[in-house]
Amino acid sequence: MIRIGGQIISEESMAGRYNDDRVKRLILNRLFSSERVHAYPSIKGLEFEVDLRSAIVDAAEKLNESNFGFSVFKKSRCNPAFWERTGEGGFRIKPGVSPYLGIKDILKNSRLYATECATAIVIVFYLALTEILPEELFNELFADMYLMDWKYLDKDLGVRSYNNIKDPLPGDCLYFRNPDVDTDTPEWQGENVIKLTNGKYYGHGVGIRTAEGIIRALNRHRRPHATESAYLTDDVIMPDYKYLFKRYDSVQRVLAMAKL
C-alpha cells in the first residue's frame, strides 16, 4: 500500500497515471498491492521512486545487451580515459573527470570493461541515476566514485539492505545463494540480480533469466556430491529513494526559484 503525507491513498486516486508507460504502471501497481506500507512525503516523492525503479530496470537490460564483460577482480578492466584500475581490481574515477560521464562511458564503450556481478549491480544503480539526476548534482553526490562491490559504495548512494522481504519490487537487487559451490569456482557462490518486470532477473555473467534458470546455472558449479540446491534468498538491496529524492527536490526548488 502507499501512504502520502501520513494518509493511505487508493489505487483509484492514481487512475490513468503512467498509462502510456507499461513498466512504470506495473511498478506503481506493485507498490499498491504490496503488503508493506510505502510512505512518501508527497506525490513527487512517489513519482521519483517509480521513475528511478523504471530507470534501474532499463539500465539492467541495456547493460545485458552491451559488450560489458564478466571477470573476477584480478582480471577486471576499464577505460583508462575515465578510470584508474586499482591493485584490488576496482575502478576509481580519475581526478578532474566527471563521474557522470565516467558511468555513461560504461555503456558507450562497454567492450573496454569487465568485472564481477556485485560491481555490475552498483553500476546499474549509477547508470539509472544518470537518467534521473541533473549532471551537476550527480557529480556533487558521487565525486569520489569507486566501483568495487558493496564495500566501497559512495555513502551518498545510500544503499540499504533489508531482510525477510516477501514481495520484492522491480528494480530491487536480490541474491541467489549457492551454498554447495565448488571451491575451484568461488565466483559462483551466488549471484546478485536486478528484479525485472517480466518474471525474470538480470545477473551479470548469467544474463536475463527466470529464477529457475539462474538456479540451474549456479547448480552447475557445485562441489562433487553436493546435496543443497542454490536458492533465492529474501534479502533485498536498494538505493535510499527518500534521501535521493530529498537531494533532487532541493535542487529542483532552487532551479525553479532562479526562473522567477
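The values are calculated or read from the model by the stated rules, or taken from the named source; none is laboratory data. Here the structure is a predicted model, which is why all the values come from computation and not from measurement. Here the Cβ is made from the backbone with ideal geometry for all residues, glycine too, and neighbour counts use every protein chain on show.
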Working only within segment 3-32, note down all residues that are within 22 Å of the chain's Cα centre (by Cα) and either surrounded by 16 or more Cβ atoms within 10 Å (Cβ to Cβ) or farther than 28 Å from GLY207 by Cβ (or both).
TYR18, VAL23, LYS24, ARG25, LEU26, ILE27, LEU28, ARG30, LEU31, PHE32
Going through segment 61-95 in order, the residues found to be of a type in the set (A, V, I, L, M, F, W, C), out of contact with any Lys or Arg (no Cβ under 9 Å at 6 or more places or on another chain) and closer than 18 Å to LEU107 by Cβ are LEU63, PHE70, ILE93
Taking segment 44-74 and keeping only residues that are assigned to a helix (DSSP H, G or I), in contact with a Ser or Thr (Cβ under 8 Å, 6 or more places away or on another chain) and crowded, with 20+ Cβ neighbours inside 10 Å, one is left with VAL57, LEU63
What pairs come up if the first residue lies in segment 9-25 and is in contact (Cβ under 8 Å) with a residue 12 or more places away in the chain, the second is of a type in the set (Ser, Thr, Tyr), and their beta carbons are under 7 Å apart, counting only those six or more places apart or on different chains?
VAL23/SER54; VAL23/THR197; LYS24/TYR18; LYS24/SER54
If you go through segment 84-108, how many residues are of a type outside the set (Ser, Thr, Tyr) and farther than 19 Å from ALA128 by Cβ?
11
Within segment 125-176, take every residue that is crowded, with 19+ Cβ neighbours inside 10 Å, of a type in the set (Phe, Trp, Tyr) and not in a helix (DSSP H, G or I) and give me the one that is modelled with the lowest pLDDT.
PHE142
Any pair with Cβ under 9 angstrom, 6 or more apart, that starts in segment 109-123 at a residue that is in the same structural domain as GLU61 (by TED's automatic domain parsing) and in a loop (DSSP other than H, G, I, E, B) and ends at one that is surrounded by fewer than 23 Cβ atoms within 10 Å (Cβ to Cβ) and basic (Lys, Arg)
TYR113/ARG77
When the residues of segment 201-260 are narrowed to those that are of a type in the set (Asp, Glu) and not in a helix (DSSP H, G or I), which ends up surrounded by the fewest Cβ atoms within 10 Å (Cβ to Cβ)?
GLU228
